Amino acid sequence: LEDQLNSHWHGRPQAEWPRHIKDTHFVCVGTLIWIALWRTAEQPKEALDRIQQFFSDGELLGLLHSSDTRHMEELIDSACIALIETGRVEQARDLLVQVMISIPPTDNEQTHYNYACIFARCGDVEQVIGLLTTFLRLTEPDRRSRARSRIKRDPDFDGIREAADFKKVLRKRFR
């Protein structure tokens, strides 16, 4: 049903898209729920097939992101985690790089943190540093100490914890 709805709105004249975005006609929450259910039920093939299909249309992804940013960012995170959990680490990294090129993360600090966790699990220190720097900059000054503690305790960063740049970003001060 989600695909049918999105195909319908995507098939409308391009001049109408801003109105459909504003009215949140483009939806992705169904895919988000299905991927979570398939991961829980340990049926990765179905989740992986849906991820492959869903992320193949860059234009539609942009419309979905504009229409339902929060769920789309959760879906990106969930899809990458599903790929990592099934041993497709490089595919997860490539997917997130591709998505970030076409749909840069919003100013939602949690999105930057989640993407940093994914890149850390993929071993991409450079991406982690950029995302954590933005995460800490977006975090309210009175919450930064707690944010740094969270990063220090999060097992997603275990594989890169000893990297000099990782340690440096945790010491960096922001205005």
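The values are calculated or read from the model by the stated rules, or taken from the named source; none is laboratory data. All figures in this text were calculated on a predicted structure; none of them were measured in a lab. No Cβ is skipped: glycine too gets one built from the backbone with ideal geometry, and neighbour counts run over all protein chains shown. Accessible surface is based on the protein model in full, side chains and every heavy atom, while ligands, DNA and RNA are left aside. Shrake-Rupley method; radii C 1.70, N 1.55, O 1.52, S 1.80 Å.
Suppose the filter is over 21 Å from Phe55 (Cβ atoms), of a type in the set (A, V, I, L, M, F, W, C) and buried (at least 17 other Cβ atoms within 10 Å of the Cβ); does Ala82 pass it? So Ala82 does not fit the description; no. Residue pairs whose Cβ atoms lie under 8 Å apart, separated by 6 or more positions or on different chains, with the first residue in the stretch 80-108 and hydroxyl-bearing (Ser, Thr, Tyr) and the second open to solvent by 50 Å² or more (accessible area, probe 1.4 Å) and assigned to a helix (DSSP H, G or I), are Thr86/Pro44. Against the numbered list (1) surrounded by fewer than 16 Cβ atoms within 10 Å (Cβ to Cβ); (2) at pLDDT 75 or above; (3) not aliphatic (A, V, I, L, M), Gln91 comes up short only at (1).
If you go through the stretch 142-175 and keep only what is open to solvent by less than 30 Å² (accessible area, probe 1.4 Å) and touching a residue at least 40 places away in the same chain (Cβ under 8 Å), you end up with Phe157, Ile160, Phe166, Val169.
Of these, Thr133, Thr139, which one is in contact with a helix residue (DSSP H, G or I) (Cβ under 6 Å, 6 or more places away or on another chain) and either free of Cβ contacts under 8 Å to residues at least 24 places away in the same chain or surrounded by fewer than 19 Cβ atoms within 10 Å (Cβ to Cβ) (or both)? Break it down into steps so the answer makes sense when it comes.
On the way: Thr139 fails: either free of Cβ contacts under 8 Å to residues at least 24 places away in the same chain or surrounded by fewer than 19 Cβ atoms within 10 Å (Cβ to Cβ) (or both).
That would be Thr133, the only listed residue that is in contact with a helix residue (DSSP H, G or I) (Cβ under 6 Å, 6 or more places away or on another chain) and either free of Cβ contacts under 8 Å to residues at least 24 places away in the same chain or surrounded by fewer than 19 Cβ atoms within 10 Å (Cβ to Cβ) (or both).
Taking the criterion of being part of a loop (DSSP other than H, G, I, E, B) and of a type in the set (A, V, I, L, M), the only residue of the stretch 93-117 that qualifies is Ile103.
Hey, among the residues in the stretch 104-129 that are open to solvent by 40 Å² or more (accessible area, probe 1.4 Å) and at pLDDT below 90, which one's farthest from the chain's Cα centre (by Cα)? Only one residue fits best here, namely Asp107.
Only residues that are modelled with pLDDT under 95 and either of a type in the set (Phe, Trp, Tyr) or outside any helix (DSSP H, G or I) (or both) were counted across the stretch 136-158, and they come to 2. Which residue is farthest from Asp94 (Cα to Cα), if the candidates are limited to the stretch 130-175 and must be over 18 Å from the mean Cα position of the chain (by Cα) and of a type in the set (A, V, I, L, M, F, W, C)? Going through the qualifying residues, I end up with Phe174.
Would you mention how many residues in the stretch 56-76 are crowded, with 19+ Cβ neighbours inside 10 Å and assigned to a helix (DSSP H, G or I)?
11
Ile101 meets all of the listed conditions (1) open to solvent by 40 Å² or more (accessible area, probe 1.4 Å); (2) aliphatic (A, V, I, L, M); (3) farther than 28 Å from Phe55 by Cα but one, namely (3).
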